[in-house]
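Here is the structure we will look at.
The values are calculated or read from the model by the stated rules, or taken from the named source; none is laboratory data. None of these values were measured; they are calculated from a predicted model. No Cβ is skipped: glycine too gets one built from the backbone with ideal geometry, and neighbour counts run over all protein chains shown.
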Amino acid sequence: MKKILNEWRRYLNEFKMDDKYQDIDAVVDTNVDAQSIIQAEIDKQMKMNIGGRPINPIFLSNSIQEQSIPEFLDRVSDYKDGEKILDGLVEVPITVNLSAHMDTLRQIDRGTATIYAPQLNAFMEEGADYVRNYDKIVATVDHNMRVMQDFYQWLTNSSYLRIMKALALYTGHNVESIRNPSNFDPEKSMKSIFDKDFFLVSDRSGVKENHFNVQKLNKKYKFITEWLLPTFDFHFSDTRENLESIASLKNYKKFIKQQILGGSTLGPALEEFRSSEEFKKRYNFYMIFITRWKPILDKMRKFSYIEPTQEDYQESKSIIQAMCAAPDKGREIYRGMTLDVNAISELIGVNPLKLEDYMAAGEIVDFDTVKPFIFDFGVVSSCSTDYDVAYDFAMPFRNSSEKEGVMFRGDAKRGVYLGSYSAYPEEDEFLTSGRMKITKVTLRPGKPKSIFDFYCEQV
């Protein structure tokens, strides 16, 4: 045993390294194919957009070009025709409040709720603004409805809508079962292309600040959304038969018999009101709404729930690929992911153990790449113009001591900035494509872990 120990001590002294990293390649295998490893990771991560959502595979099979969505729309779509139509909208001269009146009429018609005398008296005695300004309001709203009919007709056949569909499907949908348009499975698709009300007919609370609504196309559309659409949504969504019954006070006598109205004169007063000019004007206003305005508003409401078809995906694919290849002005873009530490070491020509010391030091370090590394980011690649968004994307995959976070970054030569034309505008998404050459690597400490910035140029 003593002889064995002596031999072991002699072996350690003979092979002891003065420098921790002397002849390190003799004991650490750094012979890795960084090109293949990094490309494989890129291929895997490029199937997800910048927010981590899987990209529908049908978008990933050929290539893109444009500086911004507005520029793209200006060049290839007819959106200005839609803007011009909406410019014909005229602001309603008087704020029309139908809420209280419709609620009262509905309760009278159903005869189920108690209406107190002051409430009913106020209803009958108040000169409604839409009655006092009847002719002006009806003419204005009638005009706006004709404008909306023209706009609706244009929209359903527009190239603008096809582009909006493409952006909504790309940024907001996940149809994992689809490999290409020919394999489209309607059972596994999203129920609606748009994630909210395109015409803002429904309750607008919680609406995301993206461009998937008419108001973003033309601000004059706000004239419609100020009162007409909310009024329709809350008070005119009944069937036509129900609305006609409510508007005509058809069941008011039944109501008088069933309700305790707090005074013997209130019943006759309601009956007298039913025959007055005031009521006739109100009734006419309601009926005009029901017969002339409700049909187009119903169409607008239903429009928001367009189910995607196979043709939608086919067309969206070609549109997205066209965007990705357009020349860009050179804004900086970022894409975060994780890579095997050995691949990073091979890329910059630094032994993995030495690299650990650099990382532990907590200092910024610049490295040159040892040879030209060019990687293919495919026909559609999702990046961000916000460094922090891309950084967060790299974080969920840091579940191994063998991987480190990396950030591909560089000035875009091609692609398109989505911004508010994305279902997730907060991601500042930028679409691009093609090959990138890594020119420099910088180690940045912190946040909470170190990350390697891969400076790239598009080739």
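Residues of region 330-342 that are within 20 Å of GLU457 (Cβ to Cβ) and not acidic (Asp, Glu): GLY330, ARG331, ILE333, TYR334, ARG335, GLY336, MET337, LEU339.
Pairs linking a residue in region 346-368 that is not assigned by TED's automatic domain parsing to the domain that holds ASP33 to a residue that is crowded, with 16+ Cβ neighbours inside 10 Å and in a helix (DSSP H, G or I), with Cβ atoms under 8 Å and 6 or more positions apart or on different chains, do not occur. If you go through region 413-437 and keep only what is more than 25 Å from the chain's Cα centre (by Cα) and buried (at least 21 other Cβ atoms within 10 Å of the Cβ), you end up with just MET436.
Scanning region 206-241 for residues that are at pLDDT 85 or above and either part of a loop (DSSP other than H, G, I, E, B) or surrounded by 17 or more Cβ atoms within 10 Å (Cβ to Cβ) (or both) returns HIS211, PHE212, ASN213, VAL214, GLN215, LEU217, ASN218, LYS220, TYR221.
Select from region 400-423 the residues that are within 20 Å of GLN45 (Cβ to Cβ), in contact with a Leu (Cβ under 9 Å, 6 or more places away or on another chain) and of a type in the set (Ser, Thr, Tyr) and list them in ascending order. Within region 400-423, SER422 is the sole residue that qualifies.
If you go through region 347-364 and keep only what is in a helix (DSSP H, G or I) and farther than 19 Å from GLN45 by Cβ, you end up with ILE348, PRO352, LEU353, LYS354, LEU355, GLU356, ASP357, TYR358, MET359, ALA360, ALA361.
Anything in region 72-87 that is touching a residue at least 60 places away in the same chain (Cβ under 8 Å) and either part of a helix (DSSP H, G or I) or touching a Phe, Trp or Tyr at 6+ places or on another chain (Cβ under 9 Å) (or both)? List them, or say none.
Taking region 72-87 and keeping what is touching a residue at least 60 places away in the same chain (Cβ under 8 Å), we get 72-73, 76-79, 81-83, 85-87.
Within region 72-87, PHE72, LEU73, VAL76, SER77, ASP78, TYR79, ASP81, GLY82, GLU83, ILE85, LEU86 qualify.
I'm checking my understanding of the structure. Among residues of region 276-312 that are exposed (fewer than 15 other Cβ atoms within 10 Å of the Cβ) and not in a helix (DSSP H, G or I), which one is farthest from the chain's Cα centre (by Cα)? Among those residues, the one meeting the criterion is SER276.
If you go through region 421-459 and keep only what is at pLDDT 90 or above and among the basic types (Lys, Arg), you end up with LYS437, LYS440.
So for region 336-351 (the condition being surrounded by fewer than 18 Cβ atoms within 10 Å (Cβ to Cβ) and within 30 Å of ILE451 (Cα to Cα)), does at least one residue qualify? Taking every residue of region 336-351 in turn, at least one turns out to be surrounded by fewer than 18 Cβ atoms within 10 Å (Cβ to Cβ) and within 30 Å of ILE451 (Cα to Cα).
Look at (1) farther than 23 Å from PRO327 by Cα; (2) in contact with a His (Cβ under 7 Å, 6 or more places away or on another chain); (3) of a type outside the set (A, V, I, L, M, F, W, C) and you find that PRO352 fails only one, number (2). Within the span defined as region 424-438, every residue fails to be in contact (Cβ under 8 Å) with a residue 40 or more places away in the chain, assigned to a loop (DSSP other than H, G, I, E, B) and within 18 Å of LEU339 (Cα to Cα). Listed by first and then second residue, the pairs with beta-carbon distance under 6 Å, at least 6 apart or on different chains, first residue in region 299-313 and more than 11 Å from LYS165 (Cα to Cα), second buried (at least 18 other Cβ atoms within 10 Å of the Cβ) and of a type in the set (A, V, I, L, M), are MET300/VAL201; ARG301/VAL201.
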